[in-house]
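The values are calculated or read from the model by the stated rules, or taken from the named source; none is laboratory data. What you see is a predicted model, and the numbers here were worked out from it, not measured in a lab. In this analysis, Cβ positions are derived from the backbone assuming ideal geometry, glycine residues included, and neighbour counts consider all displayed protein chains.
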Amino acid sequence: MDLTDTQQAILALIAERIDSEGAPPSQTEIARALGFKGVRAAQYHLEALEQAGAIRRVPGQARGIRLVHPAAPVAAPAAAPRDDDALRLPILGRVAAGAPIGADADHHDYVMLDRAFFAPAPDYLLKVKGDSMRDEGIFDGDLIGVHRTGDARSGQIVVARIDDEITVKLLKLGKDRIRLLPRNPDYAPIEVLPDQDFAIEGLYCGLVRPNR
């Protein structure tokens, strides 16, 4: 199947984002970059790219787009991950108020997941509360993969600590201010005040959706 100019542009955008940021763009970001009026157009072109064998989409992930090499054979049905492909990730429960999310944070279970589900590789899974990131495909009860780091760029989805609260938001860095943006119009942006205890705990790098 021949790709249209728009589909080739989307493919180039996906490759560029994976190369520069380690993760593909969301459907919302694709729509914004290509000037679409809504995400439905992005969904249509992603479906066409998948049918053409140019990409593979991982169900249940907000950024679950994987590039497929043109010469690669058709993928076989998914099998259990090999030991070298598997990640043993703790699912974090309640996080101590005001404390960084350390390696010794409270957790109540581990799961084994294929590392291909995530980019970059996460250090732990965090259970999402609320729907403030709905338009990124992140919903209440989802388990998000978090890569532990204190560094992040503007435009990345981060796990942040503000005083004694942990939140998942889109980071926006201005010249003299830090804002944490929801991806749901029902919620207001959070502006970090100079006297607040603020830290980046990690980068969002994919999700798994437990059976409801």
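Worth a mention:
- Residue-level check: of (1) in a strand (DSSP E or B); (2) at pLDDT 80 or above; (3) under 17 Å from the mean Cα position of the chain (by Cα); (4) among the hydrophobic types (A, V, I, L, M, F, W, C), residue 14 misses just (1).
- Test: residue 202 is surrounded by 17 or more Cβ atoms within 10 Å (Cβ to Cβ), more than 23 Å from residue 109 (Cβ to Cβ) and out of contact with any Phe, Trp or Tyr (no Cβ under 7 Å at 6 or more places or on another chain): no
- Filter result for the condition that a residue is within 22 Å of residue 65 (Cα to Cα) and not hydrophobic (A, V, I, L, M, F, W, C), over 164, 140: 140
- Listed by first and then second residue, the pairs linking a residue in region 5-28 that is not assigned by TED's automatic domain parsing to the domain that holds residue 133 to a residue that is part of a helix (DSSP H, G or I) and of a type in the set (Lys, Arg), with Cβ atoms under 7 Å apart and 6 or more places separating them unless they lie on different chains, are 23/17; 24/17; 25/17.
- Some residue of region 123-134 being hydrophobic (A, V, I, L, M, F, W, C) and more than 25 Å from residue 40 (Cβ to Cβ): yes
- Summed over region 106-126, the residues that are among the charged types (D, E, K, R) and either modelled with pLDDT of 85 or more or surrounded by 20 or more Cβ atoms within 10 Å (Cβ to Cβ) (or both) give a count of 1.
For every residue, the table says whether it meets (1) surrounded by 15 or more Cβ atoms within 10 Å (Cβ to Cβ); (2) under 14 Å from residue 57 (Cβ atoms).
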residue	(1), (2)
13	yes, no
20	no, no
30	yes, yes
41	yes, no
